[in-house]
Amino acid sequence: MSDMQPRLPLIEIENLHHRFANGAHVLRGISLTIDRDSFTVLGGENGSGKTVLMKHLNGLLEPTSGTVKVDGVSVSEDSLRARLKVGFVFQDSDTQIVAQTVEDDIAFGPINIGCEREETALRVKNAAEALNITRILEQSPHRLSGGEKKKTAIAGILAMNPEIVVFDEPFAGLDYGGVKMLLKKMLEIRSCGTSVLVITHDLEKVLAHADRFIIISNGIIAGDGTPPEMLQAASEHGMRVPPGMSVPEMTWMEPES
Ligand SMILES: Nc1ncnc2c1ncn2[C@@H]1O[C@H](COP(=O)(O)OP(=O)(O)OP(=O)(O)O)[C@@H](O)[C@H]1O
Ligand SMILES: [Mg+2]
């Protein structure tokens, strides 16, 4: 059946509201589609609702009203399906660690979705190689450095073969080499046909690679366009736009890498 609807946007959000039990009305009517094979940056001030919005993509939060569909199916109706398609690299890697070794941690997702032992082992191997963490597979993830934890979390997501990977503030705590590695990884993910969505305040590290830049402010979409189109809006909404820097310069990746 899915062959009959290849052109649906990957994500369709329609008039999404989220009000928490304490009355905080955090998302106030968000409508948005995210295409396949896209690289999107989502920005906005602290507390604007970015993480709350993304948690609706895999059912971690339910809409108060409105709908969120992944590949044509409502997340509320089938959150398991949404979790297979939407990989989420959390802001805080510690919340994503579930096992006693890095290897088991990466294997957790594939096992959970019913992969056989051999398939799981292959996925763990590939993901660990992709993130260059094969040498720490036997270690306890709790004892890793912040950057190593982030790599472990990303490997665990890649092992699920998602259709989109959402990175929530991925650069926080990464050194120069770590940022370069992560950017490279994002571009590789994208070149394999998987979409990438990066929530970040660090425009100068990544914006050059995005084909779309969405700005959220106080629970509504305040801007949506190409990165050059949105620079003015970004500075109006509290993001630092490096003075005199053009969008193609906004990357920490070196041209030859
Ligand atoms: N469980 C909750 N109950 C009540 N309010 C919440 C809850 N979770 C988040 N909020 C509120 O929702 C608002 C948006 O939070 P969110 O985490 O989406 O911000 P953000 O845009 O991701 O910010 P940051 O850039 O700091 O990560 C905040 O004011 C926060 O206090
Ligand atoms: Mg956040």
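Every number here is computed from the coordinates shown, using simple stated rules; none is lab data. The structure displayed is predicted, hence computed values, not measured ones. Neighbour counts run over all protein chains shown; Cβ positions are idealised from the backbone, glycine included.
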TODO: Let me have the 222 nm mean residue ellipticity of the chain computed from DSSP H runs of 4+ only, each contributing -39500 (n - 2.57), with the sum over all residues rounded to the nearest 500.
DONE: -9000 deg cm²/dmol
Open item on the list: I'd like the distance between the alpha-carbon centres of the stretch 173-189 and the stretch 110-133, rounded to an integer number of Å.
Closed with: 21
Task: Using a Förster distance of 30 Å, the FRET efficiency for THR33-ALA172 (Cβ separation, nearest 0.05) - done: 0.60
Open item on the list: What distance in nm lies between label points placed 7 Å from Cα along the C-beta direction at SER74 and LYS184?
Closed with: 4.5
Open item on the list: Under a Cβ-only charge scheme (Lys and Arg +1, Asp and Glu -1), can you give me the dipole magnitude of the chain about the Cα centre, in debye to the nearest 20?
Closed with: 240
Open item on the list: Multiplying the sequence separation of GLU229 and GLU118 by 0.36 nm and subtracting their Cα-Cα distance, what value in nm do you get?
Closed with: 35.2 nm
Task: Electrostatic dipole magnitude of the stretch 1-62 [Cβ: Lys, Arg +1; Asp, Glu -1; Cα centre; debye, to 20] - done: 220
Task: Global geometry of the stretch 149-253, whether rounded, prolate or oblate, following the gyration tensor of its Cα atoms and the 1.5 cut on a/c - done: prolate
Open item on the list: If I model a spin label as a point 7 Å beyond the Cα along the Cα-Cβ vector, how far apart are those points for SER246 and CYS192 in nm?
Closed with: 3.3
- [ ] Specify the residue with the greatest mean-square fluctuation among GLY66, GLY244, GLY173, computed from a Gaussian network of the chain linking alpha-carbon atoms under 10 Å apart.
- [x] GLY244
- [ ] Determine the shape class of the stretch 1-108: with a ≥ b ≥ c the square roots of the Cα gyration tensor eigenvalues, call it rounded for a/c under 1.5, and otherwise prolate if a/b is greater than b/c, oblate otherwise.
- [x] oblate
Open item on the list: With the cut-off at 1.5 for a/c, could you classify the chain from its C-alpha gyration tensor as rounded, prolate or oblate?
Closed with: oblate
Open item on the list: Checking understanding here: applying a Kyte-Doolittle mean of at least 0.5 and a length along the axis of at least 24 Å (C-alpha), which whole DSSP H helices in the chain pass?
Closed with: none
Open item on the list: What whole-number distance in Å separates the alpha-carbon centres of the stretch 12-81 and the stretch 195-257?
Closed with: 20
- [ ] Could you calculate the contour length gain from SER140 to ASN218, that is, 0.36 nm times the residue separation minus the distance between their Cα atoms, to one decimal place in nm?
- [x] 24.2 nm
